[in-house]
Every structure is written in C-alpha cells, then in structure tokens.
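Trainee: Have a look at this one.
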Ligand SMILES: [Zn+2]
C-alpha cells in the first residue's frame, strides 16, 4: 500500500503527486524556475559571506600575531 502524497507546486501552486518526476514541482519549467531563483539567491548571499568572512578573520588574526 503506498500513500499518494500531494503537495502544491511552490511556483504555480498546482497540485503535484509525489511520484511525479519533477516533484515537488509540477513541471520541469517550474523546477528550473525555482532552481534559478534559489541559485541566484544562494550565489549572492552565502558565497559572498563564506569568501569574505573566513579570510578576513584569518588574515586579521594572522597579521596581528606576526606584527606583534
Ligand atoms: Zn508549477
């Protein structure tokens, strides 16, 4: 017995079955749209932080110890 889980497509709010190939999206188009949204968001925020933050802390700490 398998339950059929149905969710709403996050993009267009159409009902989607879990067994759908593109779950939780109703179609490849919505899947791509969401991936694009997420990717541009993720790219802009965490990438900046993870690149700037550690090198800033490490460089500051290292510099201070070496100079003093
Ligand atoms: Zn959709």
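Trainee: If you take the residues of the stretch 2-34 that are in a helix (DSSP H, G or I) and more than 9 Å from the ligand (Cβ to nearest atom), which of them is surrounded by the most Cβ atoms within 10 Å (Cβ to Cβ)?
Mentor: 32
Trainee: Here's something else I'd like to know. Residue check, residue 12 against (1) out of contact with any helix residue (DSSP H, G or I) (no Cβ under 7 Å at 6 or more places or on another chain); (2) at pLDDT 90 or above, all met but one. Which one?
Mentor: (1)
The values are calculated or read from the model by the stated rules, or taken from the named source; none is laboratory data. Since we're looking at a predicted model, the values are computed, not measured. Cβ: placed from backbone, ideal geometry, glycine included. Neighbour counts: every protein chain shown.
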